[in-house]
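Encoded as structure tokens, the structure appears first; notes follow it.
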Amino acid sequence: MAHLSTDDGYQLWTEVTGDGPPVVLVHGGPGWWDVFQDLALPGFRLHRWDQRGCGRSDRRGPYTLERFVADLETVRQSTGHAKVVLMGHSWGAALALQYAGVHLDHISRLVLVSSTGLDGPPSSYRRRVAEILAREPSDDPWIARISTGFADRSTALDHANRLNTPRFEPNQLCADALLAALRAVPDRAEACRRIAGPTLLIHGAEDLRPPAVTDSLLKALPNAERVVLDGVAHYPWIEDPDGFQKAVQAFVS
């Protein structure tokens, strides 16, 4: 484990594991922290990090898309490679797309996991989350909410606890600022049309934000393909590690 210093003197927590070509991981949220500790991609060097204001990184802003893109570039530079595989999960997929619009020449492959597409979650999302929480009451509302991202309800709470170990305080100020900034981007589809590099969308068939939300990305991105994994939801590398690993390695190898 180490910390990277950004150009504005900020300290970003980072951890590097494995050997091989670099894969920079961009966690979800916003306002959460890296939960890729169980992701395995043999033959690749994984670069994990906590975004600004989150987890083990310094808890201060500014919380802007431009600043988060610059932070991600700091992580990319730390790999020592001109080009990396960039993998973003959920909100991290949106941040990866923002980065690609500025630094496409630093990406060899783009992997978007459980993206909410260009329009965000469907109108049914909050209702379905509420239904699960009502059926499965818990003393820990945060863990219960994270558990709704898993298809197998018998193991969902265990997985949610694992993702939150170690556990930090979610940064709601960061989340609100970044989501508002993302909604204010004038034409994300047009920006995607300029991302000509190979892009893989990976989605769980049982995600409460269903695979269809990424239809907008398949339409906008010139060189994109989608893999849907059966029986899994929002965290496919946890519920189907073999299927996830095979899909990614087939795409990047």
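The values are calculated or read from the model by the stated rules, or taken from the named source; none is laboratory data. Predicted model only: the values in this text are computed from it and were never measured. Please note: Cβ atoms are built from the backbone with ideal geometry, for glycine as well, and neighbour counts cover all protein chains shown.
General remarks:
- Residue that is surrounded by the most Cβ atoms within 10 Å (Cβ to Cβ), among those in the range 139-149 that are more than 14 Å from Tyr125 (Cα to Cα) and charged (D, E, K, R): Asp140
- The set of residues in the range 81-94 being in contact (Cβ under 8 Å) with a residue 40 or more places away in the chain, part of a loop (DSSP other than H, G, I, E, B) and among the small types (Gly, Ala, Ser) consists of Ser90 alone.
- Counted residues, the range 174-221 - those being of a type in the set (Lys, Arg) and surrounded by fewer than 18 Cβ atoms within 10 Å (Cβ to Cβ): 4
- Count of residues meeting criterion [within 26 Å of Val102 (Cα to Cα) and either out of contact with any Gly (no Cβ under 7 Å at 6 or more places or on another chain) or of a type in the set (Asp, Glu) (or both)] in the range 36-50: 5
- Taking the range 58-68 as the range and being closer than 23 Å to Phe168 by Cα and either of a type in the set (S, T, N, Q) or assigned to a helix (DSSP H, G or I) (or both) as the test, the residues that pass are Thr64, Leu65, Arg67, Phe68.
- Of all residues in the range 131-140, none are closer than 29 Å to Leu218 by Cα and at pLDDT 95 or above.
- The lone exception for Asp152 - which of (1) in contact with a helix residue (DSSP H, G or I) (Cβ under 7 Å, 6 or more places away or on another chain); (2) surrounded by fewer than 17 Cβ atoms within 10 Å (Cβ to Cβ); (3) at pLDDT below 95 it fails: (3)
- Residues that are under 26 Å from His159 (Cβ atoms) and among the hydroxyl-bearing types (Ser, Thr, Tyr) do not occur anywhere in the range 60-77.
- When residues of the range 210-249 are limited to those that are part of a loop (DSSP other than H, G, I, E, B) and more than 17 Å from the chain's Cα centre (by Cα), the one nearest to Phe150 (Cα to Cα): Gly231
- Any hit, the range 11-22, residues being touching a residue at least 60 places away in the same chain (Cβ under 8 Å) and under 17 Å from Leu200 (Cα atoms): yes
- Matching residues in the range 117-130 - criterion: being modelled with pLDDT of 95 or more and surrounded by 13 or more Cβ atoms within 10 Å (Cβ to Cβ): Gly117, Leu118, Tyr125, Arg128, Val129
- Being at pLDDT 95 or above, surrounded by 15 or more Cβ atoms within 10 Å (Cβ to Cβ) and in a helix (DSSP H, G or I) is a property that Asp105 lacks.
- Close contacts from the range 150-167, counting a first residue that is within 13 Å of Asp140 (Cα to Cα) and a second that is surrounded by 13 or more Cβ atoms within 10 Å (Cβ to Cβ) and β-branched (Val, Ile, Thr), with Cβ to Cβ under 7 Å and a gap of 6+ residues or different chains, come to Leu157/Ile143; Ala160/Ile143; Ala160/Ile146; Asn161/Ile143; Asn164/Ile143; Asn164/Ile146.
- Residue among Gly61, Gly20, Gly9 that is within 23 Å of Asp240 (Cβ to Cβ), more than 16 Å from the chain's Cα centre (by Cα) and surrounded by fewer than 22 Cβ atoms within 10 Å (Cβ to Cβ): Gly20
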